[in-house]
Amino acid sequence: MAVTYVCYAEPRPVFGPAMRIISAITKTNPVIVTTTFANGYITGTIVRLDIPPACGMQQINQMTGAILVTSPTTFAINIDASSFDSFLIPVGLPPWVPVCAQVVPIGEVNEELRAAVQNILPS
């Protein structure tokens with residue numbers, strides 16, 4: 001029997017921009033990252049990619065870069081991953097193995113702060 005793992009990210013976090021779970025990373029230049037649901041990021045956000053060993057593509061783990069938003073769930077980062085190992089979502093691992101690849105916003109490269117000043121608390 002295969003074990004299915006579920007990773008959670010809060011769709012309406014108290015602080016934003018928020019961490020999101022990664023569902024796919026392309027082996028291209030630039031890299032295209034897909035999140036499990038709309039990430040709410042804006043072009044110019046600087047992110048860090050946190051990839052556990054079970055997901056492969058360890059060459060990109062802890063890399064950072066400014067993003068170009070291409071859709072509500074995808075963005076490009078100026079990283080050449082064409083020679084990297086493939087990214088995968090593991091199945092059948094013991095439950096204590098951390099398997100959630102994440103993208104974590106860490107800054108902005110804009111002339112004017114935009115994402116860091118959004119009020120995301122409910123009124």
Practice prompt. Within segment 36-61, work out how many residues are touching a strand residue (DSSP E or B) at 6+ places or on another chain (Cβ under 8 Å), crowded, with 19+ Cβ neighbours inside 10 Å and over 19 Å from Ser82 (Cβ atoms).
Written response: 4
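Within segment 100-113, which residues are modelled with pLDDT of 70 or more and charged (D, E, K, R)?
Residue satisfying the conditions is Glu108 alone.
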Discussion item. When you scan segment 48-67, do you find a residue that is in contact with a helix residue (DSSP H, G or I) (Cβ under 6 Å, 6 or more places away or on another chain), in contact (Cβ under 8 Å) with a residue 24 or more places away in the chain and not aliphatic (A, V, I, L, M), even just one?
Written reply: no
Fill in: Scope segment 62-75; condition surrounded by fewer than 15 Cβ atoms within 10 Å (Cβ to Cβ) and over 19 Å from Phe37 (Cβ atoms); matching residues
Gln62, Thr64
Item to complete: May I ask you to list the residues in segment 76-99 that are hydrophobic (A, V, I, L, M, F, W, C) and either at pLDDT 95 or above or surrounded by 11 or more Cβ atoms within 10 Å (Cβ to Cβ) (or both)?
Response: Ala76, Ile77, Ile79, Ala81, Phe84, Phe87, Leu88, Ile89, Val91, Leu93, Val97, Val99
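The values are calculated or read from the model by the stated rules, or taken from the named source; none is laboratory data. Keep in mind it's a predicted model, so treat the numbers as computed, not measured. A quick note on method: Cβ atoms are made from the backbone with ideal geometry, for glycine too, and the neighbour counts reach across all protein chains shown.
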